[in-house]
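Shown next, in structure tokens, is the structure this report addresses.
The values are calculated or read from the model by the stated rules, or taken from the named source; none is laboratory data. Note that this is a predicted model, so its numbers are computed, not measured. Counting neighbours? That spans all protein chains shown, and the Cβs are built from the backbone with ideal geometry, glycine included. What goes into the accessible areas is simple: the full protein's heavy atoms, side chains included, and nothing from ligands, DNA or RNA. Shrake-Rupley method; radii C 1.70, N 1.55, O 1.52, S 1.80 Å.
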Amino acid sequence: MEMKIFLILAAIAISLVFQSCALREKSVKNEKQTENFLEKTEIFDFRTGKIISIGEYKKILNGQNAVYILEKHDEFFHHLSQAETIELMGDGGKRKIAIGFEMFNKEDLSQKWLDKYNRGEINKEELIKNAWRWGFDHKIYDQILSAIPKYPALALNIDFKFRKGITAKIAANGFESLLPEEKIFFPPDGFKIPCDKGGAENYHRAIMGGFEAMKQIGIMSDKDEERFHIGQWTMNEIMARSILEYFGSGGSESRAMAIIVGSLHGLYNNGILS
């Protein structure tokens, strides 16, 4: 099956950014789905490098198997845009789609809790208690999490400590130094950092921008540069395999996925896509 892919980043208009703190607080307290929020955003199509209208966006969503909806993790308005995109893509529950999450880990039973929540066996509070290990407040993801009872969710990532150990091994001795139980999280062709594909130079600069931000707040230092770079690609590869497994299973022709990931995993048609 040839999988159609569309990559977007919902960029919030300047007038809304300055209001974000007050609006975020109000929206989180209300825990109410904000409708037509995409009408107030700029939607950037990375295939063309152009801003598209909401009308164009709706037409595109109807024919896509995979939509990468990039985010700044702590930006509440990006999550509102993602939630509305999920509803548009799923046609209010009529179309068979799933939500792929960078925020949940596939090897620590998080998938079990996501499935239980989707089936109505637990509530959202129980899901958070048992499966939320993401470093950002779950409240700003509330709109997306509330969609899981309607659309099944897929854990794309692996636990940070586990991933950190894998990254250290790759940095020190290469991919072949991993144990078989560690390699299973990667695509069958192993681990690669593509440097010769379109947009790779810009993508590398974006990754290093993320690294510089980490340095400025004291989380990392110059000696961590290679590990940070390999760590980003480790997540790209792991999440790529998770997505491929979903589409490679039975009935994939009728399936679609809204993929919720940070911008460093999809800018410039690179990252997970490559």
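Residues that are modelled with pLDDT under 95, of a type outside the set (A, V, I, L, M) and over 20 Å from Tyr246 (Cβ atoms): does the stretch 139-146 have at least one? Checking the stretch 139-146: at least one residue is modelled with pLDDT under 95, of a type outside the set (A, V, I, L, M) and over 20 Å from Tyr246 (Cβ atoms).
Of all residues in the stretch 93-126, those satisfying the criterion of being in contact with a strand residue (DSSP E or B) (Cβ under 9 Å, 6 or more places away or on another chain) and part of a helix (DSSP H, G or I) are Ser110, Gln111, Trp113, Leu114, Asp115, Tyr117, Asn118. Scoring Trp132 on the criteria (1) open to solvent by 20 Å² or more (accessible area, probe 1.4 Å); (2) under 22 Å from Ser263 (Cα atoms); (3) in contact (Cβ under 8 Å) with a residue 60 or more places away in the chain leaves a single failure, condition (3). Scanning the stretch 234-251 for residues being in a helix (DSSP H, G or I) and open to solvent by 10 Å² or more (accessible area, probe 1.4 Å) gives a total of 9.
Let me spell it out: the conditions are (1) in contact with a Ser or Thr (Cβ under 7 Å, 6 or more places away or on another chain); (2) open to solvent by 30 Å² or more (accessible area, probe 1.4 Å), and Ile166 meets all of them except one. Which number is the exception? It is condition (2) that Ile166 fails.
Within the stretch 220-232, restricting attention to residues that are over 22 Å from the mean Cα position of the chain (by Cα) and not basic (Lys, Arg), the residue that is least open to solvent (accessible area, probe 1.4 Å) is Asp224.
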